[in-house]
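Peer 1: Okay, handing you the structure first.
The values are calculated or read from the model by the stated rules, or taken from the named source; none is laboratory data. Here the structure is a predicted model, which is why all the values come from computation and not from measurement. When we count neighbours, we look across all protein chains shown, and the Cβ atoms used for this are built from the backbone with ideal geometry, even at glycine. Areas reflect the complete protein model, heavy atoms only, side chains present, ligands, DNA and RNA absent. Shrake-Rupley method; radii C 1.70, N 1.55, O 1.52, S 1.80 Å.
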Amino acid sequence: MTTSKSTEVPGRASAPAAAATASATTAVRVQNAVIKYGFIFVTVALFAYFALSEGSFRESATLLDTLRYVSVAAILGLGVTLTMAVGGMDMSVGAVAGLGVSVAAQTMVVHNQIGTVAIVAVLVAGALAGLLNALLIVVMKIPDMLATLGTMFVIQGTKLILVDGQSITPGMTLEDGTTAPGRFTAGFLKIDRGTVLGIPISVLVFGALTVAAWVFLARTRWGRVFYAIGANPEASRLAGIRVGAYRALAYVLSGVLASIGGLILASRIGQGDVSAGTSQLLEAVAVALVGTSVLGRGRPNVWGTALGAVLIGIITTGLTIKGLPYYTQDVVEGAVLILALVFSFTLSKRRTA
C-alpha cells in the first residue's frame, strides 16, 4: 500500500501572508507619518496656497504683520501650554491680558507714570492673578477649569468696577471732574509699534518667549517634572515631587505670560479698552490644543503652540486678503482645531490600539 504525499512549492502558501504583512506595515507607516507630519503639511500647504494665489500675501510686510497679529494669542497660548503640561488648563489668560491693558492705562493715563512703572505694575498684576489661581486650585482643591473660569469672571468684573465701565483714554474726564493728566508714553507704544532691524518688537518678544519656554519645558528638570505631574500626579507625589508647588508655579508663569500679552495689546490699541483680551482666550486655547498634534506628540509642547499660532495667522491673513467676511474665519479656524484634535487623539489612539 502506497501513501501519496502532497507536495508544496516553497514560499507559495506563505506569499499571501507576506503580502498582507507588507501591506499592513505600509499602512502603519503612512498613518504614523500622517500623525507626525500631517499638521505641518497642512500649514505649509495653506501658506503655499495663499502665497501663490495672492501676490500681496508674499510680501515681507504682510508676513511680519501676520506674526505681529498672532503674537498676543501665541504668548497667551504658551501660558496655557505650561498649565496643560501639569494636567491643568488656564481659562483666565484672556481676562488677565485685558487686566494688563487696564492697569497700563490706569498707571500712565490716570496716575501719569512712566512706561517702566506701567510695565512693572502689569507684570505684578499678572503674577497676582496666577497666585489667585494657584490658591484656588492647589490649596482649595477646586478643579482647574472651574477655578480659572471663576477667576476670569472676577477679573473682568473688577476691571470694569475700577474704571466705572469706561475705557481709559488720554484727556478723558475723571470722576472728580478733572482731566486725566497722562498719556501712553512713546517708549511704551514701541512695544508693539516699534521695530528692530525691521522686525516688530512684539514678534521678537514672541520668539524669545517661545525659546525660553521650550528650554524650560524640554531642557530643564522643572520642565520634566511638569510633564511627569501631568502624566501621573499621584506617582509624582509618591516619588517625592512637591506637586502642589509645581502646579502653582505653572499658573503663576501663565499669569505673567498673559500680562506680557496684555502689554503688547495695550501698546497696540493705545488706550485702556475695557473689552480688550475678551477674544484672546479662545485663540490662546486653540493654538495650545493645536500644538498637541504637531509631530504626533499628543501632549502640550511649545513649538507646536507656536506653529498653531502661525497657522491661525496664515488663515486669518489669507482669508482677509481674499475678501472673505470676518465671520467665516471662525468657521475655518474651528475646522482646523477639529482637524488638529483628530491628529492628536483619534489617529494616535488607533496607532497605539
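Peer 1: Ranked highest first by average number of other Cβ atoms within 10 Å, how do 171-182, 148-159, 109-120, 233-244 line up?
Peer 2: Those peptides, ordered most packed to least, come out 148-159, 109-120, 233-244, 171-182.
Peer 1: In region 25-183, carbon and sulfur make up what percent of the accessible area (probe 1.4 Å)?
Peer 2: 68 percent
Peer 1: What residue among Ala231, Val203, Val80 has its Cα farthest toward the positive end of the dipole of the chain, where the charges are +1 on Lys, Arg and -1 on Asp, Glu, each on the Cβ?
Peer 2: Toward the positive end, the furthest listed residue is Ala231.
Peer 1: Quick one: accessible area per residue over region 50-120, 1.4 Å probe, rounded to a whole number of Å²?
Peer 2: 31 Å²
Peer 1: Please give the FRET efficiency for Tyr326 paired with Ala208, using the beta carbon to beta carbon distance and R0 = 25 Å, rounded to the nearest 0.05.
Peer 2: The pair Tyr326/Ala208 has a calculated efficiency of 0.25.
Peer 1: I'd like to compare 126-139, 38-51, 95-108: which one has the highest average count of other Cβ atoms within 10 Å, and what's the full order after that?
Peer 2: Packing order, densest peptide first, comes out as 95-108, 126-139, 38-51.
Peer 1: Springs between alpha-carbon atoms under 10 Å, Gaussian network over the chain: tell me which of Ser275, Ser71, Ser267 tops the mean-square fluctuations.
Peer 2: Ser275
Peer 1: Separation between the Met145 and Ile114 pseudo-spin-labels, each 7 Å from Cα along Cα→Cβ, expressed in nm?
Peer 2: Using points 7 Å along Cα→Cβ, the separation is 4.6 nm.
Peer 1: Mind pulling the per residue volume of the convex hull built on the Cα atoms of the chain? Å³ is fine.
Peer 2: Convex hull volume per residue, Cα atoms: 206 Å³.
Peer 1: With a 10 Å cut-off between alpha carbons and a GNM built on the chain, which of Tyr227, Tyr69, Tyr37 moves the most?
Peer 2: Judging by the Gaussian network model, the answer is Tyr37.
Peer 1: Under a crude label model (7 Å from the Cα following the beta-carbon direction), how far is Ile269 from Leu189 in nanometres?
Peer 2: So the label points at Ile269 and Leu189 sit 1.7 nm apart.
Peer 1: Something else now. 222 nm [θ] for the chain, helices only, -39500 (n - 2.57) per DSSP H run of 4+, per residue, to 500?
Peer 2: About -23000 deg cm²/dmol.
Peer 1: Kindly express, to the nearest 10 degrees and within the range 0 to 90, the angle between helix 14-53's C-alpha long axis and the longest C-alpha principal axis of the chain.
Peer 2: It works out to around 30 degrees.
Peer 1: What is the angle, in °, between the Cα long axis of helix 115-134 and the longest principal axis of the Cα atoms in the chain? Nearest 10 is fine, range 0 to 90.
Peer 2: Long axis of 115-134 versus the principal axis of the chain: about 50 degrees.
Peer 1: If you put +1 on each Lys and Arg Cβ and -1 on each Asp and Glu Cβ, how big is the dipole of region 220-322 around its Cα centre, in Debye rounded to 20?
Peer 2: In debye, rounded to 20, region 220-322 gives about 380.
Peer 1: In region 101-129, whose amide N lies under 12 Å from the spot 7 Å out along Cα-to-Cβ of Glu175? List them in ranges.
Peer 2: Flagged as within label range: none.
Peer 1: Further question: What is the magnitude of the charge dipole of the chain about its Cα centre, with +1 placed on the Cβ of each Lys and Arg, -1 on the Cβ of each Asp and Glu, and no other charges, expressed in debye to the nearest 20?
Peer 2: 1540 debye
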